[in-house]
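First up is the structure itself, then whatever we jot down about it.
Just so you know, all these numbers are worked out from the coordinates, no wet-lab data involved. Note that the coordinates shown come from a computational prediction; the quantities given were computed from them, not determined experimentally. Ideal geometry is used to build each Cβ from the backbone, glycine not excepted, and the neighbour counts take in all protein chains shown.
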Amino acid sequence: MEQSVIKSLFEKWNDALKTCDPGEVVKLYKPSAILLPTMSNKVRHTPSEIKDYFVHFLSNKPEGKIIESNIRIFGDIAINSGLYSFKFSDETVTDARFTFVYEKTNDDWLIIEHHSSQMPEK
């Protein structure tokens, strides 16, 4: 059961992207979360820094799709890592590696670490 819950968290995040509202995306991150984003070299340490990243990222209307997912659960910590792809409104596509680390707080799973990097090989 928990595997499917963790898998569904990506869809929840992707649905937040589709709103084009960075505030909706930031709600999925714990206030102490760290974001190592796909399209920026700057590590984001605070909710305002994470929001700033998504202001720019969402301007091109990304839609994500998981290519490969590897889920591991360790009590109140879950990790989903693998490969995903983003299609943007200008029809460009970016393939990337990802790691989402979630922490269960009460009944909610929030992102505490998110690393995403473009694929180095063409």
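Its Cα centre serving as origin, the stretch 2-118 has a Cβ charge dipole (Lys and Arg +1, Asp and Glu -1) of approximately 140 debye.
In the chain, helices alone account for a calculated mean residue ellipticity at 222 nm of -8500 deg cm²/dmol, with every DSSP H run of four or more residues adding -39,500 (n - 2.57). Against the set [x] 0.99; [y] 0.95; [z] 2.75, the structure's computed Cα Rg over 2.2 N^0.38 Å falls on [x]. Bridgeable aspartates and glutamates around residue 18 (alpha carbons under 12 Å apart, same-chain partners fewer than 8 residues away excluded): 63.
Listed cross-link partners 87/122; 7/65; 12/122; 27/122 are compared with a 24 Å cut-off, the Cα-Cα value being larger for 12/122; 27/122.
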